[in-house]
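One structure is given below, encoded as structure tokens.
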Amino acid sequence: MRDDLFLNEELEKIWQSNFSDVERKNNVKIRFKGRWKNKFGHIKKLKNGDSEIVINGYFRNESVPDFILQLTIAHELAHYSHGFNSPLPKLYNHPHKGGIVNKELKKRGFGDFIKLERKWVKNEWKNIAEREFREQRPRNIGLFRWL
């Protein structure tokens with residue numbers, strides 16, 4: 001199983017090899033959190049000024065290929081470099097409009113990963129997410145689970 005230390009190491013490798021021109025103007029934290037069927041990750045700015053990259057908790061499982069994890073981290077770093085949830089100047093009005101993230105990822109050497117991701121999502125992700133979701137879902141919690 002992957003852990004947050006593994007994520008930090010991946011973040012550092014990707015930043016150094018593919019985003020070395022992007023100035024790190026604040027602390028950037030990364031961790032596994034949540035379990036989503038339709039979201040691989042996100043970046044947000046914390047109250048203390050740090051940026052936090054959150055990666056889908058299902059990705060702890062090593063049945064999710066490394067390239068999916070790496071592409072997700074790179075995707076969030078593209079947002080950071082565009083000034084979304086980072087102290088860098090905002091380069092665009094909308095974080096995904098016009099395919100700006102994929103254009104950035106291709107420019108930084110992730111074009112092959114994008115193609116592989118499309119195939120993986122189509123052929124593998126649905127099965128993994130459904131299996132993981134089924135295993136994580138609470139059983140017979142009843143209507144008044146807060147009591």
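The values are calculated or read from the model by the stated rules, or taken from the named source; none is laboratory data. In this text the structure is predicted, and so the values were computed from the model without any measurement. When we count neighbours, we look across all protein chains shown, and the Cβ atoms used for this are built from the backbone with ideal geometry, even at glycine.
Filtered by the rule that a residue be surrounded by 10 or more Cβ atoms within 10 Å (Cβ to Cβ) and either over 13 Å from the mean Cα position of the chain (by Cα) or not in a helix (DSSP H, G or I) (or both), the stretch 5-15 gives F6, E9, E12, K13, W15.
Scanning the stretch 16-39 for residues that are in a loop (DSSP other than H, G, I, E, B) and modelled with pLDDT of 95 or more returns F19, S20, D21, V22, E23, R24, K25, N26, N27. In the stretch 52-79, of all residues being out of contact with any Asp or Glu (no Cβ under 9 Å at 6 or more places or on another chain) and in a strand (DSSP E or B), the one that is farthest from P95 (Cα to Cα) corresponds to N56. Within the stretch 113-133, track down each residue that is within 15 Å of the chain's Cα centre (by Cα) and either among the hydroxyl-bearing types (S, T, Y) or surrounded by 15 or more Cβ atoms within 10 Å (Cβ to Cβ) (or both). Passing the criteria: F113, I114, E117, W125.
Cβ-Cβ contacts under 9 Å between residues 6 or more apart (or on different chains), taken from a first residue in the stretch 96-121 that is more than 13 Å from L77 (Cα to Cα) to a second residue that is part of a helix (DSSP H, G or I) and of a type in the set (D, E, K, R), are listed as I114/K106. Of all residue pairs spaced 6 or more apart or on separate chains, those with beta-carbon atoms under 9 Å, a first member in the stretch 37-59 that is over 16 Å from L5 (Cα atoms) and a second member that is loosely packed, with under 13 Cβ neighbours inside 10 Å and among the acidic types (D, E) are K37/E130. Given the condition in a helix (DSSP H, G or I), surrounded by 22 or more Cβ atoms within 10 Å (Cβ to Cβ) and in contact (Cβ under 8 Å) with a residue 24 or more places away in the chain, answer yes or no: does some residue in the stretch 80-93 qualify? Yes.
Of all residues in the stretch 9-22, those that are within 14 Å of F67 (Cα to Cα) have Cβ atoms under 6 Å from Cβ atoms of residues that are in a helix (DSSP H, G or I), 6 or more apart or on another chain, in E10/I73; L11/I73; I14/I73; I14/A74.
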